[in-house]
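Visitor: Quick one: the structure is below, questions incoming.
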Amino acid sequence: MLFRSMLRDLFKKFKRGDLDIKKVPDVTFIGEEGIDAEGLTKEFFTLVMNALTSGNRGYIMFEGGSDHLVPVISEEYYQSGYFRFVGQLIAMSVLHSGIDIVGLSRALTTYMVTEDLELASCNLSIDDVPDYSVQQALMEVHVLLDK
């Protein structure tokens, strides 16, 4: 998968129904020796979670600063079901390797777990806004409101 997109390949497998999040994956790295006794699965899901948060061959799923990542705004990703696949990959990783996704906004993780928008909004921060100029404008408004 060095030259191909890991995320694209996984999304295709989800779309075709080749991946079931309940089944323990049998991970093999091409060109490497080893039997999957959970170590390869953990390594694989570590690579997947890193690809989700930092991007992989043009597939950038999240944007923003450290510990404030939010999903990118993309109608194409939404229509193609990529965000559902991202959720399935996260669930699969937690279920079968114990590896969680790191760096997401607290508001986003609250919403993902509870589906409660009001509760999630209590955890919002200006740092959760990925656009720097919008962040600056919000801080200026905040300063004006505090006067």
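Visitor: Determine which single condition Gly17 fails, assuming it passes every other condition in (1) out of contact with any Phe, Trp or Tyr (no Cβ under 8 Å at 6 or more places or on another chain); (2) open to solvent by 100 Å² or more (accessible area, probe 1.4 Å); (3) more than 30 Å from Asn123 (Cβ to Cβ).
Guide: All conditions are met except number (2).
Visitor: While we're looking at this one, here's another question. Assess whether Leu95 counts as being touching a strand residue (DSSP E or B) at 6+ places or on another chain (Cβ under 8 Å) and in contact (Cβ under 8 Å) with a residue 24 or more places away in the chain.
Guide: In short, no.
Visitor: Here is a follow-up. I need the helices (runs of 4 or more DSSP H) fully contained in segment 40-147, keeping only those with at least 2 residues that are surrounded by fewer than 16 Cβ atoms within 10 Å (Cβ to Cβ) and hydrophobic (A, V, I, L, M, F, W, C).
Guide: Details: elements: 75-80, 82-97, 106-114, 117-121, 132-146.
It comes to 82-97, 106-114, 117-121, 132-146.
Visitor: To continue, here is another question. From (1) in contact with an Asp or Glu (Cβ under 7 Å, 6 or more places away or on another chain); (2) at pLDDT 95 or above, pick out the condition that doesn't hold for Asp26.
Guide: (2)
The values are calculated or read from the model by the stated rules, or taken from the named source; none is laboratory data. Since we're looking at a predicted model, the values are computed, not measured. Cβ sites come from the backbone with ideal geometry, for glycine too, and all protein chains shown count toward neighbours. Heads up: the accessible areas ignore ligands, DNA and RNA and are worked out on the full protein's heavy atoms, side chains in. Shrake-Rupley method; radii C 1.70, N 1.55, O 1.52, S 1.80 Å.
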